[in-house]
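Accompanying notes for the structure given below.
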Amino acid sequence: MKGLTTLKDLPVSKIQEIIDTALLFKKGELKADYSGKKMALLFFENSTRTEYSFCTAMLNLGISPIYFNDRGSSIAKGETLYDTVKTFESFGIDGVVIRHSKDEYFRDLENIQIPIFNGGDGCSNHPTQTLLDLMTIYEEFGRFEGLKVTFIGDIAHSRVAHGNNEIMRRLGMETYISGPEQFADVTAPYISFEKAIEISDVINLLRIQFERHTGKLDMTKEEYFERFGMTKKREAQMKDNAIIIHPAPVNRGIEIADDMVEGKKSRILKQINNGVYIRMAVISMVLEGKL
């Protein structure tokens, strides 16, 4: 199976190559034109940043995006994910971007011959999100080795935390978790929120994913913000060169104060911008046989 579905088996050198390629696209030092190629966007969960970032990346590369509406498709008649993707493969398209609620859905698609780009699966993988986070950090610090990153929030339901933690540790970063202990299921040391603010180079805030909860949050939204929300007062306690990232969408006034989203330490909008270049890099490297 071609494409990019997970980073777990990707060498550190290849991860760095993707970031370097994205930086070249961002600086305008690398051009690519795949006019005549077509790719489909199959999103079975809601998305703004990932879906339209992939679309923008395709358009920048001369690729025609095809949108898929699952509610108006044969999914309602019982068509499987495999048969849906096989149908698009039969159309002669050049790749598919898929987001699906099933963890590692791509294991069911091993007989698909066209490239598959994972736009997020269940609570497990979101490879291009991890890559754009890494690109944002690399632009800021010029390195990964020795940086301290703390994930704060709904870790149990976050494919970002699960994906980022493993890769960041392989890159030589020190990872920690904080926030409500009921969500602490990633293998990393748990530290208090106050300690995280004090020692972290990168605070990786995570959205509270109310739509995935089977049980109730052990506090109100107001209590969460009081205990774990990023405020200007807490920002002032961070290291001078420390930054805040968030995969978005942001729950303003819950994970972060409204006036902090575009604050001096926030790199949230920069992450969104970097996502276009990471996806351009991934698509072009796959089409060129480099990934």
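The values are calculated or read from the model by the stated rules, or taken from the named source; none is laboratory data. Given the structure is predicted, the values throughout are model-derived calculations rather than measurements. Heads up, the Cβs are rebuilt from the backbone with ideal geometry, glycines too, and the neighbour counts pull from every protein chain shown.
Summary of computed values
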read-out	value
The listed residue being surrounded by 15 or more Cβ atoms within 10 Å (Cβ to Cβ) and assigned by TED's automatic domain parsing to the domain that holds ALA57, out of ILE278, ILE197	ILE278
Subset of the range 72-98 (residues that are farther than 19 Å from GLY3 by Cβ and either among the basic types (Lys, Arg) or in contact (Cβ under 8 Å) with a residue 60 or more places away in the chain (or both))	LYS77
Test result for GLU45, surrounded by 14 or more Cβ atoms within 10 Å (Cβ to Cβ) and touching a residue at least 60 places away in the same chain (Cβ under 8 Å)	yes
Some residue of the range 135-144 being under 29 Å from GLY36 (Cβ atoms), crowded, with 23+ Cβ neighbours inside 10 Å and modelled with pLDDT of 95 or more	yes
Of residues in the range 152-175 being modelled with pLDDT of 90 or more and acidic (Asp, Glu), the one nearest to GLU198 (Cα to Cα)	GLU174
Tally of residues being in contact with a strand residue (DSSP E or B) (Cβ under 6 Å, 6 or more places away or on another chain) and either surrounded by 19 or more Cβ atoms within 10 Å (Cβ to Cβ) or in the same structural domain as ASP94 (by TED's automatic domain parsing) (or both) across the range 244-264	6
Residues located in the range 246-272, provided they are in contact (Cβ under 8 Å) with a residue 40 or more places away in the chain, outside any loop (DSSP other than H, G, I, E, B) and closer than 28 Å to GLY95 by Cβ	LYS270, GLN271, ILE272
